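The values are calculated or read from the model by the stated rules, or taken from the named source; none is laboratory data. These figures come from a predicted structure and were not determined experimentally. Cβ sites come from the backbone with ideal geometry, for glycine too, and all protein chains shown count toward neighbours.
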Amino acid sequence: MAKGFFFEQINMEIMNRLKNFVFAGLILMVIGCNSSTESSGLTTVKVINVEQVANYTYMLVKGKGPEYWIAVPTMVAKPGEEYQYQGGMLMEDFHSKELDRTFDKVLFVEALFSESATAHQEVQEVTPGSQVRSEKSNVKVEAAEGTITIADLYSNLKSYEGKTIKVRGEVTKFNEAIMDRNWVHLQDGTESNGKFDLTATSTESFMVGSVITVEGVVTLNQDFGYGYSYEVLLEKTTAVK
């Protein structure tokens, strides 16, 4: 997993509450009241208003219930258009620095779909409980001395669990300040059983398209709820020169 799903600072206290079981129930109640969930699991909404900022598109939308705000990575959208989405993370009292506005509630959604279910973002559809997925980029990065390939990592996950490793790859996506950390997606052109994208978390910033060597700790089976789970994460990642 390029380009957005949450680039602004999300309050850590709110994120902690998101993990609370009771609050999760409230989230489901809010979404259920504000929109229609079809048998496919997709929620259909109509755009009422659009607010654009550098890395986000905020939309006031309406399903069957009252209007509410959603936020997605920057895209072209107009009032009157209809989209579908699945999952998402509900934030209360979320302040957008770029808009200088605090939303009572805003639902952060990773991808929108048209009636044909074609994603409007590079990130693919994510269903509750599934693993986050991404598109394969046409990259080929040679491994440096002391690094392992993404294919090798996926082929030997158990043997690398808990260990500090080095990986060299191209940054295909960079998400800033989610849960008090930045999220970096790396690809090197290798894959194992169709798995080619490595997600790393870091306090450092990286430019999409740059080729970097990073070092981090391998953790497995991380589930943050609301459809965002990872088979493998490279955590506490730092750039290696």
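Observations on the model:
- Filtering the stretch 47-61 to residues that are surrounded by 15 or more Cβ atoms within 10 Å (Cβ to Cβ) and either in contact with a Phe, Trp or Tyr (Cβ under 6 Å, 6 or more places away or on another chain) or modelled with pLDDT of 90 or more (or both) leaves Val47, Val50, Glu51, Asn55, Tyr58, Met59, Leu60, Val61.
- Against the conditions (1) loosely packed, with under 15 Cβ neighbours inside 10 Å; (2) in contact with a strand residue (DSSP E or B) (Cβ under 7 Å, 6 or more places away or on another chain); (3) of a type in the set (Gly, Ala, Ser); (4) under 21 Å from Tyr154 (Cβ atoms), Ser202 satisfies every one except (1).
- Within the stretch 59-93, tally of residues that are farther than 14 Å from Leu42 by Cα and among the hydroxyl-bearing types (Ser, Thr, Tyr): 2
- Looking across Gly209, Gly169, Gly194, one residue alone is small (Gly, Ala, Ser) and surrounded by 17 or more Cβ atoms within 10 Å (Cβ to Cβ). It is Gly169.
- Some residue of the stretch 85-104 being crowded, with 16+ Cβ neighbours inside 10 Å, β-branched (Val, Ile, Thr), assigned to a strand (DSSP E or B) and modelled with pLDDT of 90 or more: no
- The listed residues are Ala143, Ala151, and the only one of them that is farther than 28 Å from Gly87 by Cβ, at pLDDT below 90 and either assigned by TED's automatic domain parsing to the domain that holds Thr74 or crowded, with 16+ Cβ neighbours inside 10 Å (or both) turns out to be Ala143.
- Residues considered: Val240, Val208. Of these, the only one that is within 14 Å of Ile165 (Cα to Cα) and aliphatic (A, V, I, L, M) is Val240.
- Any hit, the stretch 165-184, residues being at pLDDT 95 or above and of a type in the set (S, T, N, Q): no
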